[in-house]
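Colleague: Sending over a structure as structure tokens; questions will come in a sec.
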Amino acid sequence: MVISPERVLEALHTVKDPEIPTISVVDMGIITSVAVSPDGDVAVTMTPTFVGCPAIDVMKHDVESAVAALQPASYHVTVSFDVPWTTNRLTEAGKQALLKHGLAPPQEFTLELELDVLQQTPCPYCGSTNTELKSPFGPTLCRSLHYCHHCLQAFEGFKPI
Amino acid sequence: MNQNAVRELLHRMADDALIIAHRHSEWTGLGPLLEEDIAFSSIAQDKLGHAQALYQLLHEFGEPDPDTNAFMRNAEQFYSCHFVELPNGGYDVSLIRHFLYDTAEYLRYAALAQSSWEKIALLARKVAGEIKYHLYHARTWVIQLGAQGNEESAARMQSALNEMWPYALGMFEPGNTDAELAADGIYPGESEIQRRWLELVKETLDKAGLVIPSSADPVYGGRKGYHTDYLQPLLDEMTEVYRIDPSAEW
């Protein structure tokens, strides 16, 4: 039986980002295409968040396992920069998942990203925008460090890119 | 497309990124502030990723795989400029180098994002978004220590700038194939990037109250395989574990 692409996507929803376990690779926006050929070959393409993201190999392995569990005729998973990842690829559910993990979701941007937006990143705890960027680099490549002057807490943000 | 010209360009950029990544990583655990420790380490990790992606493109042209290319060559087989090989010095010197280097990289990738060679254009668009953060970090601190610190911080930044400037100019050592790359619409060439770089660094240096040295001879040679005595020891240290067993799976 040929597996539908929807079924594959559903399975990929169970694959989480190893560094932020509340978010799936689908909601993260790193799955750029899922195709199933008439003879049942499943092809999944992924794009890394950052070029040097050390988690990509783990995620690729996890995606392969999830696809293999569906027992398709054959499958292959490729990593490619052809569709570049940007934080605009995060789904609404993805942003909620980041908040749940205590991370400020990235702000949407159109065309050119101006990094000044980082200065008033809304606090994930109290929602205040009376915040300050402490450093554009955090514990992982995709995070930044902030401080909320309203609830007096340090927090991390997922940086727009 | 002239493949040799493109390979030369990729090698210059990949080797620069690899070597500066190693230098930045030497700040891991030693940064003057925890945030700076993390910043230099993160930037190092990004640069390694960029180098790997560029070595991957070279691999597709028939060169060895990225790890072999990065870890199995000797100093004279590298195309990096002297600027990236120099020891870190103090935080002032590292910061000035980070600022001057990332301004150049930002402009290189911005130019490559418009390249007629689709493959590099796609990668460049991606990398440019990351370099933006590197540049943002460097500019913030250069201005902070230059104009918003005290007399000592300003003097140290100026002296670091004077010391690094001739080496920074060496980043733009003309390539043999610059004219062909420009004619093919692949890359505008080093002298054009240098022109844009001067404009852009001046913007920040003005805000920081720092003055560009009035006369300096660029330090060339790296692009042709002539290096400082600092490169080989750096490579020895970087590849120490890898060379124990190059075929090991990590």
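The values are calculated or read from the model by the stated rules, or taken from the named source; none is laboratory data. The shown structure was predicted, so the numbers you read here are calculated from the model rather than taken from an experiment. Neighbour counts run over all protein chains shown; Cβ positions are idealised from the backbone, glycine included. SASA here: full protein model, heavy atoms, side chains in, ligands and nucleic acids out. Shrake-Rupley method; radii C 1.70, N 1.55, O 1.52, S 1.80 Å.
Colleague: Of all residues in region A:128-137 being open to solvent by less than 60 Å² (accessible area, probe 1.4 Å) and more than 7 Å from chain B (Cβ to nearest Cβ), which is nearest to the chain's Cα centre (by Cα)?
Modeller: Within region A:128-137, the match that is nearest to the chain's Cα centre (by Cα) is A:LEU133.
Colleague: Still on this model: One residue is enough: does region B:130-148 have a residue meeting the conditions without any contact (Cβ under 8 Å) to a residue 40 or more places away in the chain, open to solvent by 10 Å² or more (accessible area, probe 1.4 Å) and more than 14 Å from every other protein chain (Cβ to nearest Cβ)?
Modeller: yes
Colleague: Residues being assigned to a helix (DSSP H, G or I) and open to solvent by less than 10 Å² (accessible area, probe 1.4 Å): count how many of those fall in region B:76-102.
Modeller: 12
Colleague: To continue, here is another question. Quick check on B:ASP67: is it more than 12 Å from every other protein chain (Cβ to nearest Cβ), surrounded by fewer than 19 Cβ atoms within 10 Å (Cβ to Cβ) and either in a helix (DSSP H, G or I) or basic (Lys, Arg) (or both)?
Modeller: yes
Colleague: Moving to a separate point now. Of the residues that sit in region B:40-59 and are of a type in the set (A, V, I, L, M) and open to solvent by 10 Å² or more (accessible area, probe 1.4 Å), which one is farthest from the other protein chains (Cβ to nearest Cβ)?
Modeller: B:LEU57
Colleague: Would you mind telling me which numbered condition in (1) out of contact with any Ser or Thr (no Cβ under 9 Å at 6 or more places or on another chain); (2) open to solvent by 10 Å² or more (accessible area, probe 1.4 Å) B:TRP27 fails?
Modeller: Unmet for B:TRP27, out of (1) out of contact with any Ser or Thr (no Cβ under 9 Å at 6 or more places or on another chain); (2) open to solvent by 10 Å² or more (accessible area, probe 1.4 Å): (1).
Colleague: Among the numbered criteria (1) modelled with pLDDT under 95; (2) buried (at least 16 other Cβ atoms within 10 Å of the Cβ), which single criterion is violated by B:ASN176?
Modeller: Answer for B:ASN176: the failing condition is (2).
Colleague: Being under 30 Å from A:PHE109 (Cα atoms), open to solvent by 40 Å² or more (accessible area, probe 1.4 Å) and either more than 19 Å from the chain's Cα centre (by Cα) or not hydroxyl-bearing (Ser, Thr, Tyr) (or both) is true for just one of B:GLU105, B:GLU151, B:GLU118. Which residue is that?
Modeller: Going through B:GLU105, B:GLU151, B:GLU118 in turn, the sole match is B:GLU118.
Colleague: Among the strands (runs of 3 or more DSSP E) confined wholly to region A:1-106, which include 3 or more residues that are among the charged types (D, E, K, R), more than 14 Å from chain B (Cβ to nearest Cβ) and surrounded by fewer than 16 Cβ atoms within 10 Å (Cβ to Cβ)?
Modeller: none
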